[in-house]
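Notes to accompany the following structure.
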Amino acid sequence: MTEPVSQKKNLPRVKNRLYQTSTMAALLDAVYDGDMTLDSLLEHGDFGLGTFNALDGEMIVAEGVVKQFRAEGVASSASGDLKTPFASVTFFEPEITVTLDKPCNKEAFEAKVNELLANPNLFGAIRFTGEFETVDTRTVFCQCKPYPHMLDVVAKQPTFTMNNISGTMLGFRTPSYMQGINVAGYHLHVLSDDGKHGGHVTDYIVKKGKLEIARISDLEIALPRTKEFAEADLSPENLSESIRTAEGG
Ligand SMILES: [Zn+2]
């Protein structure tokens, strides 16, 4: 075993710095096992998203608690010794807070956030807390070795629609030039207020609630020192299209 990437303890809590493990291109190329534990990840942020080793569900990190959505979209608390092959976290400190008081679909929501973030070349951290008319989610399910390519996994992904729920939707907007490092555009996960359901968001209509955002200009990426990462093809020709298929709504 290689040493975990981070063994540092008691790190300063730097606000709105994005910390990420591995890259989206590696996940796409079936590098589904990382060397970072959730306990280590939480030293770098209390807000964010990702997935688990063996692609065992979608992850949301909300207020320092990691929840795991398995195939059936049901949330459970994840133990700190579980590992992640890909995650993005920050210590979120909202810079702008606005109230949304009328229904807003995904396109209008993203346009609103783009307008508030103003700068398309920085990352944005986004949190919406409130009521949803509808939210479509998907989750991935645990894979066995030899791992299939992610596009084969998502072709069989279970999807869910939740209507009239209250919850928290959070995640990041990544600048387009970072495609492959992360997911260009919006990547949001949702957790219902009862703490029971959620996953990777593919579409939604928000009804009303609080939108909080922050610009992120500081980032740190921990690349895995694993054999699988060393052997991965991280610059395939169809990278952008594949990521849109795998992660898009
Ligand atoms: Zn996701």
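The values are calculated or read from the model by the stated rules, or taken from the named source; none is laboratory data. Quantities reported herein were computed from a predicted structural model and do not represent experimental measurements. Neighbour counts are summed over all protein chains in view; Cβ atoms, including those assigned to glycine, are modelled from backbone coordinates with ideal geometry.
Structure summary
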| item | result |
| --- | --- |
| Test: residue in the stretch 185-201 that is aliphatic (A, V, I, L, M) and farther than 24 Å from Lys15 by Cβ | yes |
| Subset of the stretch 1-24 [out of contact with any Phe, Trp or Tyr (no Cβ under 8 Å at 6 or more places or on another chain) and modelled with pLDDT under 95] | Met1, Thr2, Glu3, Pro4, Val5, Ser6, Gln7, Lys8, Lys9, Asn10, Leu11, Pro12 |
| Criterion (in contact with a Cys (Cβ under 9 Å, 6 or more places away or on another chain) and touching a residue at least 12 places away in the same chain (Cβ under 8 Å)) met by exactly one of Val206, Val190, Val201, Val183 | Val206 |
| Extreme residue, farthest from the ligand (Cβ to nearest atom), among residues of the stretch 68-82 that are surrounded by 20 or more Cβ atoms within 10 Å (Cβ to Cβ) and not small (Gly, Ala, Ser) | Gln68 |
| Residue in the stretch 188-230 that is nearest to Gly50 (Cα to Cα), counting only those that are in a strand (DSSP E or B) and among the basic types (Lys, Arg) | Arg215 |
| Selected residue [β-branched (Val, Ile, Thr), on the phi < 0 side of the Ramachandran plot and within 16 Å of the ligand (Cβ to nearest atom)] from Thr202, Thr226 | Thr202 |
| Residues that are within 15 Å of the ligand (Cβ to nearest atom), more than 15 Å from Gly50 (Cβ to Cβ) and assigned to a strand (DSSP E or B), drawn from the stretch 141-178 | Thr159, Phe160, Thr168, Met169, Arg173 |
| Counted residues, the stretch 160-213 - those being within 21 Å of Leu117 (Cα to Cα) and among the small types (Gly, Ala, Ser) | 5 |
| Given (1) away from the ligand (no atom under 13 Å from the Cβ); (2) not in a strand (DSSP E or B), number of the condition Ala246 does not satisfy | (1) |
| Index of the failed condition, Gly57 passing every other in (1) on the phi > 0 side of the Ramachandran plot; (2) free of Cβ contacts under 8 Å to residues at least 12 places away in the same chain | (2) |
